[in-house]
Amino acid sequence: MPTATRPSVEEIWRWLADVPDPEIPVISVTDLRIIRNVAWDGDTLVVTVTPTYSGCPATAMINLDIESMLHRRGIEKVRLERQLAPAWTTEWITSEAREKLRTFGIAPPVDGTAPNDRLHRRIESLSGNSHPTVQCPRCGSTRTEKISQFGSTPCKASYRCSDCLEPFDYFKCI
Amino acid sequence: MEAETTTEAAIDRAALFEFLLRMGDNTLMLGHRVSEWCGHAPALEEDIALANTALDLIGQTQLWLGLAGEVEDKGRSADDLAYLRDVYEFRNLLLTERPNGDFGKTLMRQFLFDAWHYLRLQTLLSSTDRRIAEIAEKASKEVSYHLERSRDLVIRLGDGTAESHARMQQALDDLWPYTGEMFMTEAADTALSAAGVAPEPQSLKAEWDELVAETLSEATLRKPTDGYMHGGGRRGMHSEHLGFVLAEMQFLQRAYPGATW
């Protein structure tokens, strides 16, 4: 589209803020901070996206959602680029998004508890399995236990609250 | 736009392709094996954990084989490499094609592999090939969770009931002769190491031994003595099991070439 009429990059960032994560619809792709760059390359809009997990099936869906939203907004030429580095980390998730997760029933990540960081420091410290104190998103209790390190999506673990007895998802750190 | 890397000139393209196939075929084969558990695990949580592990491994396969196709420069995609090569063209460790056996054996195989995989990826973080370092950084975050889980379950089952202990010891004894291959030097390894792309396999052994010994001791399992070690997977000499895996994995693309949905 002609330079004069094309929307600004800032405007496009605002549009992207309305594209939900297909598996956790209360947060958007910008809440997750997986959009790494938005730029015009001539008349083509280039959106750079980084994957959360390398095999996450939502990645293809997210790309499709971004593309169709931009087409709906009248942008004809869109190119999506994948960027691997720096590797996505849950530490990038915005504080507003963490509150949205909690309200939705998913315990937000407890920063600094990714096993990679510990393993990296010292392989022997493996015996110190990661047991972050995860707060129950329903009743706020910290008496919770891990049921499985893997939950309904690659990014989550399954937990249970020992007080209100509700099972819940925990958005684990990577 | 992919930036040119400094190593491309320094290292033989064929050696680099070989290395990328070795990484990608390991994750492809183990990912496929682990996915065979989907719907069959002893508990729902374990079923989900296995499926998620398989998913991570398949995702990493796309990165490794995708780059392999780029490096080869003959227009082959990650899918082409996964679905349209025959047994002798695969470069995975024999360990990754071993049949699943029971749940304990699947986890023992996973632990022995994860320990190596994690250490291997750590060494690749400083690869002179930026593209390899980037994939390693992404993958190591996921693999650290695999290792934490498989190690934890090996300990719980090893130091569990008499039956779980016996099964884990049997699994360990059966799989041990397939662990030596992880540290064998094959063609291209020396050149890759000299170019700073990836240190020689042997350099990972001391740390792997230490990590495995510490875990087995906590699991009250007896570490087998190093006897004859099977090798050959990394140069395309596979066990009879790989053909059966490919027959299932490649069926659709072989029967209906180019099929999409």
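The one condition from (1) within 19 Å of B:Ile135 (Cβ to Cβ); (2) in contact (Cβ under 8 Å) with a residue 24 or more places away in the chain; (3) more than 10 Å from chain B (Cβ to nearest Cβ); (4) out of contact with any Leu (no Cβ under 9 Å at 6 or more places or on another chain) that A:Thr89 does not meet is (3). The criterion of at least 2 residues that are without any contact (Cβ under 8 Å) to a residue 40 or more places away in the chain and either within 30 Å of B:Glu148 (Cβ to Cβ) or touching a strand residue (DSSP E or B) at 6+ places or on another chain (Cβ under 8 Å) (or both) is met by the following helices (runs of 4 or more DSSP H) wholly inside the range B:1-108: B:13-35, B:44-72.
Table: residues versus (1) within 12 Å of chain A (Cβ to nearest Cβ); (2) at pLDDT 95 or above; (3) crowded, with 22+ Cβ neighbours inside 10 Å.
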residue: B:Thr61; (1), (2), (3): yes, yes, yes
residue: B:Glu97; (1), (2), (3): no, yes, yes
residue: B:Asn100; (1), (2), (3): no, yes, no
residue: B:Phe111; (1), (2), (3): yes, yes, yes
residue: B:Ala133; (1), (2), (3): yes, yes, no
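For the range A:45-86, filtered to residues that are more than 16 Å from A:Glu10 (Cα to Cα) and hydroxyl-bearing (Ser, Thr, Tyr), the residue that is farthest from the other protein chains (Cβ to nearest Cβ) is A:Ser68. At pLDDT below 85, more than 10 Å from chain B (Cβ to nearest Cβ) and under 21 Å from B:Ala136 (Cβ atoms): is that true of A:Arg122 in this structure? Answer is yes for this residue.
In this structure, A:Arg72 does satisfy being of a type in the set (Lys, Arg), exposed (fewer than 12 other Cβ atoms within 10 Å of the Cβ) and without any contact (Cβ under 8 Å) to a residue 40 or more places away in the chain. Tally up the residues in the range A:22-67 that are within 21 Å of A:Gly105 (Cβ to Cβ) and touching a strand residue (DSSP E or B) at 6+ places or on another chain (Cβ under 8 Å), please. Final tally of qualifying residues: 5. Restricting attention to the range B:43-52, the residues that are more than 7 Å from chain A (Cβ to nearest Cβ) and crowded, with 24+ Cβ neighbours inside 10 Å add up to 1.
The values are calculated or read from the model by the stated rules, or taken from the named source; none is laboratory data. As the structure is a computational prediction, the values presented were derived from the model and not from experiment. Note: ideal-geometry Cβ built from the backbone for every residue, glycine included; neighbour counts use all protein chains shown.
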